[in-house]
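Reviewing the structure listed below.
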Amino acid sequence: MRLSGEFYLANTRETLTVRKERAILVAAILHRQNDYDNLTELTALAETAGAVVVDRLQQKVHKISAATYIGKGKAEQLAERVKRSNADVVIFDNDLLPRQIQELEEIIGARVIDRSELILDIFATRAQTRQAKLQVALAQLEYTYPRLTRMWAHLDTVAGAGGATTAGAVGAIGTRGTGEQQLEIDRRLVSRRITELKRELVEIDKRKIREIEGRKGLYKICIVGYTNSGKSTLLNALTDAGVLVEDKLFATLDTRTRQWTPVKGVEVLLSDTVGFVKNLPHQLVASFKATLEETIYADLLLHIIDAANPEAMKQIEAVKGVLTEIGCGDKPTLEVLNKIDIIRNVGELDMMQTLLPKAVCISAKLGMGLDKLSEAVTAQYRGGEALVRVTGSQSNGRLQSFLRAHGTIIREQYLDGSVITDVRLGQNQMAALKSLGANKIVNCQIPIDD
C-alpha cells in the first residue's frame, strides 16, 4: 500500500489483517513481572479478529532487546516454529517498536504485528457509525505514523517538476533535482489526514457535550467494564434496548443511551460504553474521547465484572486504570458481579464478595439479582432520604410534577395561591428544588404532624 496521490489508509478496513491467517501468539514477560497467562486474552483477541491460532509461546526474558524485543536467539527459535507450523503471522502480546518489528520479520520470515495493531484492526471492523469510523481511523493513523519507515521501505524519490533532470527535461530552473523521498510525502499526507480527522472529531465532541448538557436535571448512569463482561446484555435486560449482544470482544463500539426506571418515581438515563482491556492502546483512548464523554459526565458508574472469569481481579484493575486515565478514577462507582449463574467454584465468588463487600451479584442473561441492583442504584440516586416541606406557586406545574415523579407525597395544602407540600425526597434531588422555583424549603428533622 502506498500513500502517493490519494490517501487510502484513512478508510476503515473492511477485513482484518489477520483474518483466516495461521497465527503464532507470543508473550514476552520480564522476570520481575508476575508469572501469569498472558495468552488467554490474546487468543480471544486473535480469534475475534478471525485468525486461526496454531501455536503459542510464552517466554521469560531477563531484559528487553532493543533489536528484537525477545533476543536474536529466541527470535531464531520462533522462526523454526513458524516454519514447522506453516504460520502466516506472529502476534505479540507486547507493544513493539517499528525497528523491532522490522528485525523480527527479517529473522522469522513471516509478518509480525503487536497487541495494539491487533486491537486497532478489531475496532476497525466493529465500527458502524461515522463517529466510530473516524475515531478508529484516527487511532490507526497515529499508530501508523511512526512506523512509516517500515511500512514504506521503498523510499521512492519524486523528481522535481516533471520527474527528470536530464537535458530538455520539463521543469523550470530551481524545480529540478533529485526530488524528495516518497516516505516524506507519505508522512505529510498522514499528518494532514490526522489533522483533518481531529478537526472533525472536535466538532463531534462539541455536539456530544451539548447533547449531554441538554440532559441537565436527569441522573446519568454509565455502564463500564472489561470487554465481554455483559454490559450490553445488562442494558438490554434493564431497558429492552435491543443492543447487539455477541460472545466476542468489542462486540459494540458505539454508546447507547436509554431511559430506565429502577423503582417507581425514579427515572435515570442508562448508557452502555465501549469495553476496556488491559493495555488499551493510548491512541484509542484519545480518539474515543467523544464516546467516553458519557462516562466523564455520569453521576454514577456501574462497573460490570465477569465474576466467572479467573482473571476477574486483574480485569478490575485494568478498568480502573482506564477510568483513571480519562479522569473518572474518583467518580461514584457501584461494582456489579455478573454471570454468577455460570460460576463453578463458589469459593471464588465468596472471595470476590469479601474483597468487594458492596458489590451486587447478578446474572444479566437470566435476570437474577436485577431487583437488588435496582435497589442499590436507587439508594445511590437518592443519596439518603430527607423529609421536607416545600412551598411553591399553584401555577408552577414543573415543581409539582418533579415532586410527584421523584418523591413520596405525604400531604398537600393549598393556601392563597400557594401549594405547601410535605414530601420525602432523596438528598441528591434537593438541589433541583430552587431551580424549579420553590419559594420556601424547610428541612424537617422530625415527622410532620397532621
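The values are calculated or read from the model by the stated rules, or taken from the named source; none is laboratory data. These figures come from a predicted structure and were not determined experimentally. Counting neighbours? That spans all protein chains shown, and the Cβs are built from the backbone with ideal geometry, glycine included.
In the stretch 428-450, of all residues being in a helix (DSSP H, G or I) and surrounded by 13 or more Cβ atoms within 10 Å (Cβ to Cβ), the one that is modelled with the highest pLDDT corresponds to Leu433. Counting only strands (runs of 3 or more DSSP E) that sit wholly inside the stretch 294-408, those with at least 1 residues that are of a type in the set (Val, Ile, Thr), within 26 Å of Ala44 (Cβ to Cβ) and not assigned by TED's automatic domain parsing to the domain that holds Ser418 are 300-306, 333-338. When we screen Lys314, Lys358, Lys339 for residues that are more than 30 Å from Arg207 (Cα to Cα), more than 14 Å from the chain's Cα centre (by Cα) and buried (at least 19 other Cβ atoms within 10 Å of the Cβ), the only hit is Lys339. Scanning the stretch 91-119 for residues that are acidic (Asp, Glu), at pLDDT below 90 and not in a loop (DSSP other than H, G, I, E, B) gives a single hit, Glu117. Filtering Ser401, Ser374, Ser395 for residues that are out of contact with any Phe, Trp or Tyr (no Cβ under 6 Å at 6 or more places or on another chain) and in contact (Cβ under 8 Å) with a residue 40 or more places away in the chain leaves a single hit, Ser374.
For the stretch 53-61, does any single residue satisfy the condition of being surrounded by 13 or more Cβ atoms within 10 Å (Cβ to Cβ), at pLDDT 90 or above and in a loop (DSSP other than H, G, I, E, B)? No, the stretch 53-61 has no match at all.
Among the residues of the stretch 383-404, those identified as in contact with a helix residue (DSSP H, G or I) (Cβ under 6 Å, 6 or more places away or on another chain) and more than 20 Å from Gly417 (Cβ to Cβ) are Gly383, Gly384, Ala386.
Contact annotation: residue pairs with Cβ atoms under 6 Å, 6 or more positions apart or on different chains, pairing a residue in the stretch 39-64 that is closer than 8 Å to Leu25 by Cα with a partner that is assigned to a loop (DSSP other than H, G, I, E, B), are Leu42/Asp93.
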